[in-house]
Every structure is written in structure tokens, then in C-alpha cells.
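Remarks on the structure that follows.
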Amino acid sequence: MSSENERNEFRQNQAVPKIVLYAQSGMNDFVFNIPFSVFQTTYRNHPLFDLKICSDDSKDVITALGASIPVHGGLDLTEEADIIVIAGWRNIEEAPTPELSAHLQKAVQRGAHITALCYGTYALAYTGLLDGRTAATHWLAEDDFVRRFPKIYLDTNRLYAENGNFLTSAGAAGGLDCCLYLIRKIHGATVANDLARTLVAAPHREGGQAQFIHRPVERRTADDKINHLLDELRQNLATSYRLDDLAKKLAVSRRTFIRHFSQATGMNFGEWLTTERLWQVQDLLENTDLPIERIAEQSGFGSAANLRLQFKAKFKINPNAWRKVFGR
């Protein structure tokens, strides 16, 4: 379909989806303001959505930064919504009220779609609606989310994830990606792309959420021998290692070394070494002008081809693209 035909089709389509955006006192301003702004946007003087704001008690809410958000009504507004949006969640240890959970359950039963941005995924997760499904949320909550909701498959590398009638996203900027995806799905690529240009945003970002995860603080294990070995290995990542040699170095058998290393780090040796090498690659990409071939040698990947393969598998983006985004 040509762009002009898409625009004509949009102008002829008078019905617009009804979106109800849930507002919660103490919510994150940035996360909420993205759908609040984007879903009120007009395209060629036509509204993209019929947007209403609801709260638990029909009363206006105060955000984390003290802004007052006027609402249109209570949770009963969700009963006629085509799409319900939960933008963030003020406390990941707090389950939604029984009333909100019941309204979400009823909405799903009648076929409504639910979009949850950032920690808003927690609200859905507590209801059980995401059990057996794939979801996304902010990578900072990965360990907590996986422990708290073992029946949900959390994909921490996705900027947003769609599964059935549910659409969930990563952090605040990931929420924008998610909103643009929803507009593209409902109104077509031309509308979504034109809106993205107006916002000076990418219609679709390359890579996933994994590219934004910062290097964790080096943790000390309970095994002093392993700690000493890890420190030594980090200083010599370009070296090739054999398990037999490492076991001999610690004066233990190969089997004992494998068991102790896994218990201490939570990973097998190959996984740990690849992860550490990738952190070093990130550092070299961001803080040096070294060519990829030289970085591959210094980090222990040997060849540029192998480095690109391992890097793309982990971060869903190639090293050169990473350098363009994060380099000095």
C-alpha cells in the first residue's frame, strides 16, 4: 500500500480505539508522560485514540515529582476500553488492589488488550494474567521478577514483548518504542513513522535492552582461592585457558574445580570467561579508537569474526553500532 493510500485510508476511518490509561499516586512521571503524550497525538487533524485517564478512586493523583494529574473517572472506565495501559508501578513489592485485578481480568475476558510499560508489568504479573507468557520489564528488576513470578518467561533483552493480548515493555524509553509499535500495528507504518519523525525518535531501534545493562560490580565469592583466580583471569583475558591447567593451579581435580567454580560464580567457566571478555569489549569500544581486530585480540576472542558473533548473540547489536551509540 502506498503512503498516500495509507493516509486516505486513515482519514476515512472515523472510529478510533478507546484507550484507558491507569494513573497511580506516586507513579514515575517520565514513564507515565510517554503514553499520556503520545496517545493524545493527532494525525492530520484526526485523533489517533480516544484517551481517558482513570484512577482507583476516581480522584486526581499526585506523581512522584508532585505533579497533579486530573482523571476522567474510576476503574469502571476500563469496562469499555479497547486498550488499557499501565505506565509504570510505584512499588514492585505492592500487588494491585483486588478491584484493579478484577477489572483487568474482566477486560481480558472480553478481548481487550493490555499494555504495561516498565514496572507496570508487575501489575499484570501479580494478577496471574501473564503466567505461561513472555514478558518484558526493566532489566534492573530481572532477578526480583524471575524469583517472584517463576511462571512467566521474562525476556530481559527485549525493548518490548507482545504475547496474545498483552504488550509489555522495558524502561521509560522502551515505553516509547512500545507505544510507537502499538500505533504502527493499529494505524500503519506511515502514521507511526511520521509521528516518530515529529518526536525526533527512531521508528524502530536496533538491538535490545541488553545493550543498556551496565557492567555489574565485581562480586567476591565465599571461596578465597576462586576469588584470587578470578582477579588473575580478569587481568589476562587474552590468554587461552584449559580446565586441567586451572585445576592444577588450585591443586584440585578437574571435576572438583568445575564444581567449585560453578558454586562460586553461578556459571560454568566458559560462560564466565565469555561474559568477562564481553565486558572488556564494551569498555574498549566505548573508550578507545582501537579497530575491531585489535579489540578481538586484547579481549581473547581471537578474530574479529568471532568477536562480532559473540557480541551480537549477547547484545543483539554489532560492535560498530555499539560504538556509534556509546563511544566517546
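The values are calculated or read from the model by the stated rules, or taken from the named source; none is laboratory data. Predicted, not measured: the structure shown is a model, and the values here were computed from it. Cβ: placed from backbone, ideal geometry, glycine included. Neighbour counts: every protein chain shown. Quick note on the areas: whole protein, heavy atoms, side chains included, nothing else; ligands and nucleic acids left out. Shrake-Rupley method; radii C 1.70, N 1.55, O 1.52, S 1.80 Å.
Give me the angle, in degrees from 0 to 90, between the Cα long axis of helix 172-187 and the longest principal axis of the Cα atoms of the chain, rounded to the nearest 10.
For 172-187 against the chain, the angle is about 50 degrees.
As an exercise, identify the trypsin sites (Lys or Arg not before Pro) in the range 15-63 lying in DSSP coil whose Cβ has no more than 10 other Cβ atoms within 10 Å. Please report the intermediate quantities before stating the final value.
Values: sites: 18, 44, 52, 59; in loops: 44, 59.
Passing sites in the range 15-63 are 44.
Can you work out ³J(HN,Hα) from phi for every residue in the range 19-32, in order, using Karplus 6.51 cos²θ - 1.76 cosθ + 1.60 and θ = phi - 60°, giving whole Hz and x for Gly and Pro?
Whole-Hz 3J(HN,Hα) from phi for the range 19-32: 10, 10, 9, 7, 10, 10, 4, x, 6, 6, 4, 5, 4, 5.
Roughly how many nanometres apart are two label points built 7 Å out from the Cα toward the Cβ at residue 94 and residue 163?
2.6 nm
Using the crude model of +1 on Lys and Arg Cβ and -1 on Asp and Glu Cβ, and no other charge, please compute the dipole size for the range 1-157 relative to its Cα centre, in debye to 20.
Numbers: 13 positive and 20 negative charges, 48 e Å.
The dipole of the range 1-157 has a size of about 220 debye.
Can you compute 3J(HN,Hα) from phi for each residue in the range 119-133, using the Karplus curve 6.51 cos²θ - 1.76 cosθ + 1.60 with θ = phi - 60°, rounded to whole Hz and x for Gly and Pro?
Calculated HN-Hα couplings, in order: 6, x, 4, 4, 4, 5, 4, 4, 6, x, 5, 9, 4, x, 10 Hz.
Running a GNM on the chain with Cα contacts under 10 Å, which residue among 103, 138, 228 ends up with the highest mean-square fluctuation?
228
Would you please state the base-10 log of I(q)/I(0) at q = 0.14, 0.15 1/Å for the chain, with intensities from the Debye formula using one equal scatterer on every alpha carbon?
-1.10, -1.18
Whole-Hz Karplus ³J(HN,Hα) for the range 230-239, in order, using 6.51 cos²θ - 1.76 cosθ + 1.60 and θ = phi - 60°, x for Gly and Pro?
Here the 3J(HN,Hα) series is 4, 4, 5, 5, 4, 7, 9, 6, 6, 6 Hz.
Could you work out the local net charge near residue 149, counting Lys and Arg as +1, Asp and Glu as -1, over the other residues with Cβ closer than 14 Å to its Cβ? Don't jump to the answer; show the numbers that get you there.
Numbers: positive: 133, 147, 148, 151; negative: 93, 131, 142, 143, 144, 155.
Around residue 149, the charge tally is -2.
Using the charge dipole of the chain (Lys, Arg: +1 at Cβ; Asp, Glu: -1 at Cβ; taken about the Cα centre), state which of 62, 46, 159 has its Cα farthest towards the positive end.
Selected residue: 159.
So for each of 306-313, 236-243 I average, over its residues, the number of other beta carbons within 10 Å; can you give me the resulting order with the highest mean first? Kindly include the intermediate steps, with their values, before the conclusion.
Numbers: 306-313: 16.8, 236-243: 12.2.
Sorting 306-313, 236-243 by mean packing, highest first, produces 306-313, 236-243.
Report the charge-dipole magnitude of the chain in Debye, nearest 20, computed about the Cα centre from +1 at each Lys and Arg Cβ and -1 at each Asp and Glu Cβ. Could the numbers behind the result be given before it?
Details: 38 positive and 38 negative charges, 206 e Å.
Using Cβ point charges on Lys, Arg, Asp and Glu, the chain gives about 980 debye.
Please report the carbon-and-sulfur percent of the accessible area for the range 237-328; probe 1.4 Å, protein heavy atoms only, DNA, RNA and ligands left out. Don't jump to the answer; show the numbers that get you there.
Numbers: 2490 of 5120 Å².
Here it works out to 49 percent.
Say the cut-off is 23 Å between C-alpha atoms; which of 18/185; 18/106; 185/312; 249/312; 52/151 go over it?
Working: 18/185 15 Å; 18/106 16 Å; 185/312 27 Å; 249/312 33 Å; 52/151 32 Å.
From 18/185; 18/106; 185/312; 249/312; 52/151, over 23 Å: 185/312; 249/312; 52/151.
Residue 146 label point, 7 Å along Cα→Cβ, cut-off 17 Å on backbone N: hits in the range 56-95?
The answer is none, because no backbone nitrogen lies closer than 17 Å to the label point.
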